[in-house]
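Please read the structure below before turning to the comments.
The values are calculated or read from the model by the stated rules, or taken from the named source; none is laboratory data. Given the structure is predicted, the values throughout are model-derived calculations rather than measurements. Cβ: placed from backbone, ideal geometry, glycine included. Neighbour counts: every protein chain shown. When the accessible area is computed, the model is the full protein with side chains, heavy atoms only, and any ligands, DNA or RNA have been set aside. Shrake-Rupley method; radii C 1.70, N 1.55, O 1.52, S 1.80 Å.
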Amino acid sequence: MVCLNVWLIVVTQTDWQTDPKQCQASAVGVIFGTSKFLRGGSDNLHYKYRLQLAATLWHQGRIKHLLVSGDNHTRYYNEPITMWKDLQTLGIPRHAMTLDYAGFSTFDTLARAREVFQLERMLLVTQAYHLPRALFIARQLGLDAQGCAAQDPPRAQWWPVMLREIAARTAMFGDLYLWSRQPYFLGEPVPITISEDESSLEIKSSENIPPESRQKNSP
């Protein structure tokens with residue numbers, strides 16, 4: 001487990017940056033979902049910092065569009081909609097976001113980015129500890145991906161997640177090389193198409209601007 005984790009960090013370390021101004025520009029950024037609040041009800045700083053970074057990148061012009069991917073496994077839990085609403089308060093307009101309701105895992109988000117949303121190149125937005133696994137999966141799926149690291153929360157929130165991440169990195173190799181893992185849900189392609197004029201976007205997605213009242217019971 002230790003060797004696999006060290007190797008994963010080494011082979012991906014040149015593919016991501018911590019300074020937004022040094023992050024590679026890309027037409028589309030992918031932001032990975034997480035819950036807004038912790039179990040005790042306090043703010044989840046992983047969530048807060050990811051959204052802040054995504055907004056910074058958009059306002060800097062480093063990304064033109066966001067694929068907002070997360071878990072929507074019940075009527076009462078909808079990560080994409082929650083992020084979509086909060087990103088608007090940070091100044092990102094509705095037309096600059098597409099929602100992925102079936103991003104149940106890192107693998108699912110990236111596989112759907114390729115198969116459903118027809119993306120080939122992207123900038124991944126998440127914390128630094130998550131980027132090695134996300135970038136490696138993207139590479140194995142044939143995606144041209146770079147990473148931009150969001151701020152880490154204090155150690156009290158960071159350590160429990162990091163321990164789970166170490167286990168997830170090890171399991172990833174089984175998913176990719178032993179069990180030929182497939183996404184939980186794909187569906188028909190809904191490509192994100194960006195026009196030649198980078199200042200305007202033509203988004204061919206029925207889920208691009210969901211109504212406030214929209215709810216999904218299943219992906």
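Before moving on, here are some points about what is shown:
- Scope region 72-110; condition among the small types (Gly, Ala, Ser) and under 28 Å from Gly61 (Cβ atoms); matching residues: Gly91, Ala96, Gly103
- For Phe104, the conditions (1) buried (at least 23 other Cβ atoms within 10 Å of the Cβ); (2) among the aromatic types (Phe, Trp, Tyr); (3) in contact with a Phe, Trp or Tyr (Cβ under 7 Å, 6 or more places away or on another chain) all hold with the exception of (1).
- For Val125: the one exception among (1) out of contact with any Gly (no Cβ under 6 Å at 6 or more places or on another chain); (2) modelled with pLDDT of 95 or more; (3) within 24 Å of Tyr184 (Cα to Cα); (4) buried (at least 21 other Cβ atoms within 10 Å of the Cβ): (1)
- Among the residues of region 189-208, some residue qualifies, meaning at least one is among the acidic types (Asp, Glu), at pLDDT below 90, surrounded by 14 or more Cβ atoms within 10 Å (Cβ to Cβ) and under 18 Å from the mean Cα position of the chain (by Cα).
- Residue match in region 113-120 (condition: at negative phi, touching a strand residue (DSSP E or B) at 6+ places or on another chain (Cβ under 7 Å), open to solvent by 10 Å² or more (accessible area, probe 1.4 Å) and without any contact (Cβ under 8 Å) to a residue 60 or more places away in the chain): yes
- Yes/no for Arg112 being over 28 Å from Asp175 (Cα atoms) and charged (D, E, K, R): no
- Restricting attention to region 42-71, the residues being open to solvent by less than 50 Å² (accessible area, probe 1.4 Å) and either under 23 Å from Pro160 (Cα atoms) or of a type in the set (Val, Ile, Thr) (or both) number 13.
- Selection from region 135-157 of residues that are part of a helix (DSSP H, G or I) and under 18 Å from the mean Cα position of the chain (by Cα): Leu135, Phe136, Ile137, Ala138, Arg139, Gln140
- Scope region 6-37; condition in contact with an Asp or Glu (Cβ under 9 Å, 6 or more places away or on another chain) and more than 17 Å from Leu119 (Cβ to Cβ); matching residues: Thr34, Ser35, Lys36, Phe37
- Residue count for region 169-179, restricted to those that are in a helix (DSSP H, G or I), farther than 23 Å from Phe117 by Cα and either touching a residue at least 40 places away in the same chain (Cβ under 8 Å) or open to solvent by 30 Å² or more (accessible area, probe 1.4 Å) (or both): 5
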